[in-house]
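The values are calculated or read from the model by the stated rules, or taken from the named source; none is laboratory data. Because the structure is a prediction, the values reported are computed rather than measured. Note that each Cβ is placed from the backbone with ideal geometry, even for glycine, and that neighbours are counted across all protein chains shown. Protein only, heavy atoms only, side chains kept; ligands, DNA and RNA dropped before computing areas. Shrake-Rupley method; radii C 1.70, N 1.55, O 1.52, S 1.80 Å.
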Amino acid sequence: MHLSEFDYELPEELIAQVPLTDREASRLLILHRKSGAVEHGNFSDILSHLQAGDTLVLNDTKVLPARLTGRKKGGGAMAEVLLLTRKDKACWEALVKPGRRLRPGAEVEFGNGELTAVIKEELADGTRLVEFRYDGIFEEVLDRLGEMPLPPYITEKLADRQRYQTVYAKNEGSAAAPTAGLHFTPRLLAEAQDRGINVVYLTLHVGLGTFRPVKTEDIREHHMHSEYYNISPESAQILNSCRRAGGRIVAVGTTSCRVLETVAQDDGTINAGSGWTDIFIYPGYRFKTVNALLTNFHLPKSTLIMMISAFAGRDNVLNAYREAVQERYRFFSFGDAMLIID
């Protein structure tokens, strides 16, 4: 299976640079995965496509202000550290720029020396193991000095950092937002429950996989970076009850989908637990438990478009994307949404 099979043409002006004022105001493309039929609607009406007994599965990870910009100690050159995965209290795996100048032993200062990063080790994938020196509580220092780690295709400055968080964000640890969830409001979630639609939460801390492009022409040779997940016994119990009763499990975002498919047994039963997942879902994968998927529009040749192609069929997905381009949908993190259902 070749990387070029997941490419499509996207005019640059369709890449959403800022979030809409109203989270619910996005458009919603509905893709019927069995027939390939496409409908157009508004996200505010998403619940009309669900029914009592269905279960929405939301990723409650919270994005850290994980992008730090400072100066290399001694030389004064600008440097950037992007936190990815916490290893212990003061040590993180991180992406650094410029990598050629930040070798083991280098130090980067942030603020007025309030925070110092010491490069301890260069890892096999090019990331660095970084140890921080600071006084006080790291999260408070990071909140003062860090910025939201917006993807490189977003060039506008984010006026309100809360717009890169879901309204239900709870567990800190992500280097990127689970963007399909950005459209939900407390009103919509309350209405879902009023309609008899279950709402459950799990956690997946989004890491390097979001930033890493696929570089192998044979996509099967690509290796996903591991990300930490947790799903509680209470969430697993609700999901298993939903399945037994004939309800649909609706994954909100590819991150929720990855966790569900990681912890599901072959018969679709969901196991509670926590750990690390490097699951890579591409066409040919047999889904065990997810029945419907809500997602944003993804980058060409990305692992995310491969996942939804596995779920809905590559031809169906690329046809839907072509129609979304024609209809001038907004793409990527701050863009519009797609609901894939039977």
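Charged neighbours of Ser26, selected by a Cβ distance under 10 Å, balance to 0 (K, R count +1; D, E count -1).
For the range 67-147, the relative contact order is 27 percent, taking Cα pairs closer than 8 Å that sit 6 or more residues apart in sequence and dividing their mean separation by the residue count.
For the chain, the pair-distance distribution built from all alpha carbon pairs, in bins 10 Å wide starting at 0, is 5, 25, 33, 24, 10, 2, 0 percent.
Choose one of Thr277, Phe311, Ser256: the residue whose Cα lies farthest towards the positive end of the charge dipole of the range 226-342 (beta-carbon charges +1 Lys, Arg; -1 Asp, Glu; about the Cα centre). My answer, from the dipole projection, is Phe311. Between His49, His40, His298, the GNM of the chain built on Cα springs shorter than 10 angstrom shows His49 fluctuating the most. Counting only DSSP beta bridges whose two residues both lie in the chain, roughly 70 percent are antiparallel. Once you've got the GNM for the chain with C-alpha springs shorter than 10 Å, pick whichever of Ala124, Ala310, Ala90 has the biggest mean-square fluctuation. Evaluated over the chain, the most mobile residue of the options is Ala124.
Think of each Lys and Arg Cβ as +1 and each Asp and Glu Cβ as -1; about the Cα centre, that makes the dipole of the range 20-73 roughly 800 debye. Note on Glu122: accessible area is roughly 80 Å² with a 1.4 Å probe, heavy atoms of protein only. Each of Ser333, Pro151, Gly111 was scored by the projection of its Cα onto the charge dipole of the chain, and the greatest displacement toward the positive side belongs to Gly111; charges sit on the C-beta of Lys, Arg, Asp and Glu.
Working note: Karplus 6.51/-1.76/1.60 with θ = phi - 60° gives the range 47-63 the couplings 5, 5, 9, 10, 9, 4, x, 5, 10, 7, 10, 10, 8, 8, 4, 10, 6 Hz, where Gly and Pro are set to x.
The order of the peptides 233-246, 151-164 by mean Cβ neighbours within 10 Å, most packed first, is 233-246, 151-164. Based on Cα atoms of the range 226-342, Rg over Rh with Rh as the Kirkwood radius reads 0.98. Since only Ala25, Tyr8, Val38 are under comparison, the one whose Cα sits farthest along the positive direction of the charge dipole of the range 8-47, derived from C-beta charges on Lys, Arg, Asp and Glu, is Val38.
Modelled spin-label separation between Gln237 and His32, with each label point placed 7 Å from Cα along the Cα-to-Cβ direction: 3.8 nm.
Charge dipole (Cα centre; +1 on Lys/Arg Cβ, -1 on Asp/Glu Cβ; no other charges) of the chain amounts to roughly 420 debye. At an R0 of 41 angstrom, the distance between the Cβ atoms of His40 and Arg220 translates into a FRET efficiency of 0.75. Taking Gly76, Gly36, Gly273 in turn, the Gaussian network model of the chain (Cα-Cα springs below 10 Å) assigns the largest fluctuation to Gly76. Contact order, relative form, for the chain: 25 percent (alpha carbon pairs under 8 Å, 6 or more residues apart, mean separation divided by residue count). When you count the other C-beta atoms within 10 angstrom of each residue and take the mean per peptide, 106-117, 327-338 line up highest first as 327-338, 106-117. When Rg and the Kirkwood radius Rh are both evaluated on Cα atoms of the range 187-245, their ratio Rg/Rh stands at 1.17.
Per the Debye formula on identical point scatterers at the alpha carbon atoms of the range 67-147, with no solvent, log10 I(q)/I(0) at q = 0.15 Å⁻¹ is -0.44. Shown are Ile15, Ile281, whose ranking by accessible area with a 1.4 Å probe and every protein chain present, most to least, is Ile15, Ile281. Rounded to the nearest 20 debye, the dipole size of the range 67-147 about its Cα centre is 380 debye, using +1 on the Cβ of Lys and Arg and -1 on the Cβ of Asp and Glu.
Straight-line reach from Lys97: which lysines fall under 19 Å, measuring Cα to Cα and dropping same-chain residues less than 8 apart? List returned: Lys72, Lys73, Lys120. Subtracting the Cα-Cα distance of Arg187 and Tyr168 from 0.36 nm times their residue separation leaves 5.6 nm of extension gain.
When the helices of the chain are scored as -39500 (n - 2.57) per DSSP H run of n ≥ 4 and the total is divided over every residue, the value at 222 nm lands at -5500 deg cm²/dmol. Radius of gyration over Kirkwood radius for the range 37-97, both on Cα atoms: the Rg/Rh ratio is 1.30. In angstrom, the C-alpha Rg and Dmax of the range 82-215 are 17.6, 57.
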